[in-house]
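Asker: Before we start, here is the structure in question, set down as structure tokens.
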Amino acid sequence: MSNNQIRVVTIDGPSGSGKGTLSQMLARHLGYHLLDSGALYRLVALASVKRHVDFAREEFVVPIAQNLNVEFSVEGNSMQILLDGEDVTNAIRQEAIGMGASQVAAHPGVRAALLERQRAFARLPGLIADGRDMGTAVFPESVTKIFLTASAEARAERRFNQLKAKGEIVEMENLVADIRERDERDSKRAVSPLVPAADATIIDSTDMSIEEVFASMLALIKQNS
Ligand code: C5P
């Protein structure tokens, strides 16, 4: 592979599989850019809430996705996300916005509106693309495709701890139910459903530490470069 070729690594999988953390770790380690595609769908959901638009109304949500005025700025180790100039880094992480994101993400028009915006993140030397359809729809040509998964219970527990650390109190039972509902919607939707690409390597992180998953992903990336 020549040096001026952009290396794209896609990491897809359900929520709570550890994709976000691992994508950040890999991007930092390799000096690659990072695309958190879920954040874009979350931004569409948040912008819809702010404009009092029902997530189900595709005809109103699509223009919001097309005209999303968003800025990602990296400061040191953390990324700040601005929507219409307002810092929404924490606001988009709320559970309700995650549920909204999975509803707006089911609209084909919303997915089409975000496609080029996502592809524009691919710049030298490389990109870690985190999402649900990175290897199947957004970057089908990428050489390294990873599908990271874990049991619903393990993912709910991780989410519970993340939310607790942020002071958000949720019932574990509700969280498992929400995760199952979101998995179901993400896997069954007609456009870009959550499925591993035919050429993806599947990693089940249920009984693995973050360090173990990181090491196996890095080995895969090195093997392909
Ligand atoms: O990854 P995250 O939890 O931030 O994603 C929020 C929601 O956005 C997911 O549940 C999924 O419905 C949607 N999404 C998607 N395609 C992506 C990334 C996220 O449909 N590439």
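Asker: Student exercise: in the stretch 7-223, how many lysine pairs 8 or more apart or on different chains have Cα atoms under 26 Å apart?
Answerer: Close lysine pairs under the 26 Å cut-off: 9.
Asker: Same structure again: Just need the Rg to Rh number for the stretch 7-223, please, alpha carbons only, Kirkwood Rh.
Answerer: On the Cα set of the stretch 7-223, Rg over Rh gives 0.93.
Asker: Run the quick spin-label model on A219 and E58: label points 7 Å from Cα toward the beta carbon, then report their separation in nm to one decimal.
Answerer: Between A219 and E58, the label points sit 4.4 nm apart.
Asker: Among F214, V176, S151, pick out the residue whose Cα is farthest towards the positive end of the charge dipole of the stretch 7-223, where Lys and Arg carry +1 and Asp and Glu carry -1 on C-beta, about the Cα centre.
Answerer: Selected residue: F214.
Asker: Once you list every other residue whose beta carbon is under 9 Å from the beta carbon of V170, what net charge do they have if Lys and Arg are +1 and Asp and Glu are -1?
Answerer: -2
Asker: Moving on. Hey, what number do you get for the chain at 222 nm if only DSSP H runs of n ≥ 4 count, each worth -39500 (n - 2.57), divided across all residues, to the nearest 500?
Answerer: After summing the helix terms and dividing by the residues of the chain, the value is -14500 deg cm²/dmol.
Asker: Here's another thing I want to ask about it. At a 10 Å Cβ-Cβ cut-off, how would you order L127, L30, fewest neighbours first?
Answerer: L30, L127
Any read-out appearing in this document is the output of simple, stated calculations on the displayed coordinates, not a laboratory observation. Keep in mind that what you see is a predicted model, and the values were worked out from it rather than measured. Using ideal geometry, Cβ is built from the backbone for each residue, glycine included, and neighbour counts are taken over all protein chains shown.
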